[in-house]
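Computed from the coordinates by the stated procedures, all read-outs in this text should not be read as laboratory data. Everything quoted here is computed from the prediction, not taken from an experiment. For neighbour counting, all protein chains shown are included, and Cβ atoms are generated from backbone atoms with ideal geometry for every residue, glycine included.
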Amino acid sequence: MRRRRHAVVFGPVQPAFDPVFFDPVTGWLGEQGYAVEILDSLAVVDDPMMTITDVADEWIRRRPDLAEVGLLCGNAFGGAVAQAMLPALPRDIAVLGLSAPTVADDRLAARLGDVAHHARMGNLAGALWTLDDFVRSEAMPAPARVATPVVADQNAACRRIELGMSLLTDLDVSAAVVAHTGPVLSIVGERSRLVTRSHARVPAHGATAVIPDAGMRPHRDNAAAVADVLAAQRAYLAGDADHAAPQHLPTHRIDTMGAA
């Protein structure tokens, strides 16, 4: 089927939804002619017993038009949700993940659990300080404190953080990703304290780009390298059969070995 030039982006865990998280990638997508829609991944989470698969299924139920989009994107938690949707979507849909975990190991689960613990105790400032410490690149010094954003309901903000982090602690959507036949590009930061290359899976024809000096926000920490990756993989993400094999660029390290 001919896909619409429509990119849908699923967001990370935030105390309150703020769509600027995907800048400057949003701008790049717009320049390529995509109509970009940014969604709050946690908007459908209304039961603490839900799993990532439940969240993905609920999004599909509410938004059956996702089957027609040209590019499915996800950042962090949103990337896990996007990957979990794949079995219910057309097998040729393109996927772009930024710091998008496919599987959580003990180290990642423990760090996510640390953030969730603070939120569970109602300590929004502690949760955000801990999260910021893990989100920053290892190359960046830790600040003395992290400003707590003004939110209408701190209890609701804590619930969002606790639910989102908890949903990722036993994550494994590898089977859904490895079986996908459409383009899959996963971008991770080389200096990330949370999602790393070891937590990302792509199909044999997919690629993982590792961005130097970047943490969980590679599109902020090293925007130039991410822009190079996206420019080089533009045709691949658009499903151009003549550009099915991702290419190497000197500004980043890119692995095309798929799930191996």
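Taking amide H as placed 1.01 Å from N in the peptide plane, SER137 has its amide H under 5 Å from the amide H of GLY215, MET216, each at least 5 places away in sequence or on another chain.
Simple spin-label estimate for ASP153 and HIS117 gives 2.7 nm between the two label positions (7 Å along the Cα-to-Cβ direction from each Cα). If you take the square roots of the eigenvalues of the alpha-carbon gyration tensor of region 106-167 and sort them as a ≥ b ≥ c, do you get rounded (a/c under 1.5), prolate (a/b over b/c) or oblate? Taking the square roots of the gyration eigenvalues as a ≥ b ≥ c, region 106-167 is oblate. Scoring 114-124, 193-203, 54-64 by mean Cβ neighbours within 10 Å over their residues and listing the highest first yields 193-203, 114-124, 54-64. Using a Gaussian network model of the chain in which every pair of alpha carbons under 10 angstrom is joined by a spring, one finds that among ALA209, ALA104, ALA235 the greatest mean-square fluctuation is at ALA235. Take the Cα of ALA175, go 7 Å toward its beta carbon, and the backbone nitrogen atoms of region 44-60 under 17 Å from that spot belong to 51-57.
How large is the helix-only mean residue ellipticity at 222 nm for the chain, computed as the sum of -39500 (n - 2.57) over DSSP H runs with n ≥ 4, divided by its residue count, in deg cm²/dmol to the nearest 500? Each step should come with its number before you reach the end.
On the way: 10 runs with 92 residues, N = 260.
Only helices count here, giving -10000 deg cm²/dmol.
Each Cα pair of the chain feeds into the Kirkwood radius, which the Stokes-Einstein equation turns, at 4 °C and 1.567 mPa s, into a diffusion coefficient of 71 µm²/s. Counting 0.36 nm for each residue step from ARG253 to GLU37 and taking away their Cα separation leaves a gain of 74.9 nm. Where in the chain are the DSSP H helices whose alpha-carbon span along the long axis reaches 18 Å or more and whose Kyte-Doolittle mean is at least -1.0? Going by DSSP H runs, the hits are 106-120, 154-168.
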